[in-house]
Every structure is written in C-alpha cells, then in structure tokens.
C-alpha cells in the first residue's frame, strides 16, 4: 500500500512540476488530487488493480474540475467577485435541492402507498398492465430527476472542495461562507443519495 501511494504521489508531483502555465498548473493540480483520492478509494475496493483504475479515473475527474474552476475565475475582475458568484450559485442550488427533497418526502409516501395497493391488486390478479407501466414510468422519472440534481450537487461539492484546498482565499468571510456552504451541500448530497436508495427499494421495482 505504501509503495503504491508513493508512486501515485510521485506522479502527482511530476505532473504538477511539468506545467509551465497557470492553466496547466490548475489542470495538473486537479488531476493530482483526483489521482490520489481515486487511487486510495480504488485500492480499498479492488486492491492494486482497483487503485490503478481509480487513480486514472480520479485524475481525469480532478483535471476537469480544476480546469473549470480556472476558466470560471478568469471571467471576473477580482477573486472577491468570482467567489461571491460561486457562493451565490451554491446557495441557489442548495435552495433547489432543499425544495426537491421536501417535495420528495411526500412523493415517496405516496409511492409507498401506491406500491402496496398495486401489490395487493396483483395478488388478486386485478392489476392491469397499463397501471403498472404508468407507475413505473413515474418512478423512473423521479429517479432520473434525482440523479440529475445529485450530479449537479456533487459537482458543486467537488468545486468548493477544490477552491478551499487549492486557492489562496484572501477574504476570511468568503472562506467561512464557502466552508459553511460545503457542509450544507454535502448534507443535500447525502439526502439525495438516500432518496435514490429508497426509490430503488420501493415494492414496484420487483413487480
């Protein structure tokens, strides 16, 4: 494990050191962070083979995040303006996620009830195929919308983590706001993951 992690860290330093421009450095740093995280997680899941694959995938994802952060920052005249925009964007996404999660609580209760009702009908051979298809389509739509929102929240979490880890934030107030927003978005992220698990466990999935 130590040798493997040492190899990954050496690759990260080599990648960062080989960069000549700020943009290249951002991409390389993102790739390096992603490689380390992906490598560790991959090792835990699949040993050496998993570590190699995890590092490769993590490097690609990290490079994309670093590159996107760098490009977004260039659109603003100052770091303060850029971070204000990032914080506002995160807050707006948080509000969307909160509204989705609140609405989903009611929808899940309704789908649980409907699933039990349809199962009872199925036992009596009274369930129509059209009814089942309609309910499954509804379930699939909720799963897809939740997955899409989770992807946005996850991306926001990764960007904020990158900013806090790799950008020298001048404003203590903005740094505190970013830390607070990261914690909040991680909570929304977990809520969405939980919802997907519940959706996957609904009785209608096995009908």
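Computed from the coordinates by the stated procedures, all read-outs in this text should not be read as laboratory data. Because the structure is a prediction, the values reported are computed rather than measured. FYI the Cβ positions are ideal-geometry reconstructions off the backbone, even for glycines, and counts take in every protein chain you see.
For a Förster distance of 25 Å, can you work out the FRET efficiency between the beta-carbons of residue 176 and residue 96, rounded to the nearest 0.05? Using R0 = 25 Å, I get an efficiency of 0.65.
The separation of segment 112-185 from segment 73-99, counted between C-alpha centres, amounts to 21 Å. Working from label points 7 Å from Cα in the Cα-to-Cβ sense, the residue 152 to residue 121 distance is 3.3 nm. Quick one: grab the alpha carbon gyration tensor of segment 77-207, order the square roots of its eigenvalues as a ≥ b ≥ c, and give me rounded if a/c is under 1.5, else prolate or oblate depending on whether a/b is larger than b/c. Judged from the Cα gyration tensor, segment 77-207 comes out prolate (a/c at least 1.5, a/b above b/c).
Averaging 1/r across all pairs of distinct Cα atoms in segment 144-201 and inverting the result yields a Kirkwood radius of 12.3 Å. The modelled label-to-label distance for the pair residue 88/residue 103, using points 7 Å beyond Cα in the direction of Cβ, is 2.4 nm.
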